[in-house]
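Working notes for the structure below.
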Amino acid sequence: MDIQNYYQFLSISGVNKDYIEKAVFFLKKSGTGNLRLFYNGENKEDRVKHLSFLMMNKYLNLLENKDEFLDILKWWNKVKTVNNSIKGDLHVHTIYSDGTGTLPELVELAKQIGYKWIGFSDHSPFLENNLRLNNKKFIERHHQILELRENSDLSIYESIEADISLEGSLMFPDSWRDSLDFAIISLHEDIREYNLVLKRIEKALKDPLVVSFSHPFFGLKDGFSDSYIKELLQIVKSSGKAIEINLAPQFLLRNLKLTALCRELGVPVLFSTDSHFVLSLNLMKFASIYYPDLIDSNILNLKDSINVSH
Ligand SMILES: [Zn+2]
Ligand SMILES: [Zn+2]
């Protein structure tokens, strides 16, 4: 594979070539080869290096499947901009969790794209992990969102990407609920016991803050289990919530099958970029591969605002 092709591919996700080179240089120089040195870096540049390097490693797997890689590049080059029927993106990370963009930077690009709304969904707390929200960061983020709302026509939603506990509850302090407009829920673990996992998801979807269940393929060891995904979609549909179509490149091919099932079963969908870099907001270009085949009323991104009753 041509290295320039690969850098172009990485740039799709907003990864900057210079930062990858800086990260590689740093790791060589540090002599440890230990990527964890970047963890807990409050310094923005270290964060970008760290994440650029993680992304590079992640997509190396995809390179083994050359056809998929070339399809993705082709799709990307075919579509110039985010389609103007798409009104917003609810799954965006910021420097308050493991993202690299500040809120003003992200709001600025969202305006340029032409969105009516954007939602910041930083990760819920887990132990002392600095790449997730904590109480101090949550409060800071809350005030910054209030400030940004004052000078903006764009609706700015205060959201969270909440992990689901073993009991099926959302893993953040109850005191945050009054500030939050929404939550999206997800699992960041190996998904093995499908029935137990589905029960947790079903319970969590009942939480009135929840809009959608995110990245359904994350942690699925067989990649796409037909029976698990079908059952998941039925559960999502009965909850009245949406399934996320995550537009990160590693999910794009599997999404074709997912959206076909959503159409067949009439399940509401939410396209999301799961952005960790500012420029990853442009991953929303990929939505145009899928949504022409879906029913408009089932696509949350085509609505002028997101409402949940709580
Ligand atoms: Zn996630
Ligand atoms: Zn995320």
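Mind checking which lysines have their Cα closer than 23 Å to the Cα of residue 285? Skip sequence neighbours fewer than 8 apart in that chain.
Straight-distance partners of residue 285: 17, 58, 66, 74, 78, 80, 87, 111, 116, 257, 303.
Are there GluC sites (Glu not before Pro) in the stretch 145-195 that DSSP marks as loop and that have at most 12 other Cβ atoms within 10 Å, and which are they? List each step's numbers first, then the result.
On the way: sites: 147, 150, 158, 161, 167, 189, 193; in loops: 167, 189, 193.
Sites meeting the loop and neighbour criteria: 167, 189, 193.
Through the Karplus equation 6.51 cos²θ - 1.76 cosθ + 1.60, θ set to phi - 60°, convert the phi angles of the stretch 155-161 into ³J(HN,Hα) values in whole Hz; use x for Gly and Pro.
6, 10, 8, 8, 9, 8, 9
Could you tell me the relative contact order of the chain? Use alpha-carbon pairs under 8 Å, at least six residues apart, and round to a whole percent. Walk me through the numbers before you get to the answer.
Working: 508 pairs, mean separation 60.4, N = 310.
Reported relative contact order: 19 percent.
Which value in nm describes the separation of the simple spin-label points at residue 264 and residue 73, placed 7 Å from the Cα toward the beta carbon?
In this crude label model, residue 264 to residue 73 measures out at 3.3 nm.
Neighbouring Cβ atoms within 10 Å as the yardstick, rank 50, 143 fewest first.
On the way: 50 23, 143 10.
So the residues, fewest neighbours to most, are 143, 50.
For the stretch 60-162, state which chymotrypsin sites (Phe, Trp or Tyr not before Pro) are in a DSSP loop and have at most 14 other beta carbons lying within 10 Å of their beta carbon. Display every interim value, and only then the final one.
Values: sites: 69, 75, 76, 96, 115, 117, 120, 126, 138, 157; in loops: 96, 115, 126.
Passing both the DSSP loop test and the Cβ count: 126.
Go through the stretch 228-244 residue by residue and turn each phi into a ³J(HN,Hα) via Karplus (6.51, -1.76, 1.60, θ = phi - 60°); whole Hz please, and just put x for glycine and proline.
Ordered by residue, 3J(HN,Hα) equals 5, 5, 4, 5, 4, 5, 5, 5, 4, 4, 5, 6, x, 9, 10, 9, 7 Hz.
Straight-line reach only, C-alpha to C-alpha below 22 angstrom: list the lysines that residue 136 could link to, leaving out same-chain residues fewer than 8 apart.
Residue 136 reaches 44.
Taking H placed 1.01 Å from N in the peptide plane, check which residues at least 5 places from residue 242 or on another chain put their amide H under 5 Å from its amide H.
212, 213
Measuring from label point to label point, each 7 Å out along Cα→Cβ, what is the residue 81 to residue 231 span in nm?
4.5
Restricting to bridges with both residues inside the chain, how much of the DSSP beta-bridge set is antiparallel, in percent to the nearest 5?
Taking every DSSP beta bridge within the chain, about 5 percent pair in antiparallel fashion.
Could you give the nm distance between label points at residue 256 and residue 221, where each point is 7 Å from its Cα heading toward the beta carbon?
With each label placed 7 Å out from Cα toward Cβ, I get 2.8 nm.
So what is the 222 nm mean residue ellipticity for the chain from helices alone, if each DSSP H run of at least 4 adds -39500 (n - 2.57) and you divide by all residues, rounding to the nearest 500 deg cm²/dmol?
Result for the chain, helices only: -13000 deg cm²/dmol.
Please find, in a Gaussian network model of the chain (springs between Cα atoms separated by less than 10 Å), the residue of 103, 62, 252 whose mean-square fluctuation is greatest.
62
Residue by residue through the stretch 285-296, what is 3J(HN,Hα) from phi via Karplus (6.51 cos²θ - 1.76 cosθ + 1.60, θ = phi - 60°)? Round to whole Hz and write x for glycine and proline.
Working through the residues one at a time gives 3, 5, 4, 5, 5, 9, 6, x, 8, 9, 8, 3 Hz.
Expected output is a single nm value to one decimal: the length gained when fully extending between residue 64 and residue 130, i.e. 0.36 nm times separation in residues minus the C-alpha distance. What is it? Intermediate values should be presented prior to the final figure.
Numbers: separation 66, 0.36 × 66 = 23.76 nm, distance 3.25 nm.
Separation in residues times 0.36 nm, less the Cα-Cα distance, equals 20.5 nm.
Sort 156, 295, 3 so the one with the fewest other Cβ atoms within 10 Å of its own Cβ comes first.
Details: 156 22, 295 12, 3 8.
In order of increasing Cβ crowding within 10 Å: 3, 295, 156.
Picking from 82, 269, 278, which is most flexible by a Gaussian network model of the chain using Cα springs under 10 Å?
Result for the chain, Cα springs under 10 Å: 82 fluctuates most.
May I ask you to compute the full-extension gain from residue 8 to residue 150, defined as 0.36 nm times their residue separation minus their alpha-carbon distance, rounded to one decimal in nm?
Working: separation 142, 0.36 × 142 = 51.12 nm, distance 3.72 nm.
Full extension of this stretch gives 47.4 nm more.
For the chain, just say rounded, prolate or oblate: build the C-alpha gyration tensor, square-root its eigenvalues into a ≥ b ≥ c, call rounded for a/c under 1.5, and beyond that prolate if a/b exceeds b/c, oblate if not. Intermediate results must be reported in sequence, preceding the final value.
On the way: a/c = 1.30, a/b = 1.13, b/c = 1.14.
Taking the square roots of the gyration eigenvalues as a ≥ b ≥ c, the chain is rounded.
Using Cα positions and a limit of under 13 Å, work out the aspartates and glutamates in reach of residue 49, with same-chain residues fewer than 8 apart set aside.
18, 21, 98
Fully extended, how many nm does the chain gain between residue 116 and residue 171 (0.36 nm per residue separation, minus their Cα-Cα distance)? All intermediate terms of the calculation are to be shown ahead of the outcome.
On the way: separation 55, 0.36 × 55 = 19.80 nm, distance 2.89 nm.
Extra length available between residue 116 and residue 171 comes to 16.9 nm.
Quick note: the coordinates plus some simple rules give every number you see, no bench work behind them. What you see is a predicted model; the values in this text were computed from it and never measured. Every residue, glycine among them, receives a Cβ derived from its backbone with ideal geometry; neighbour counts consider all protein chains shown.
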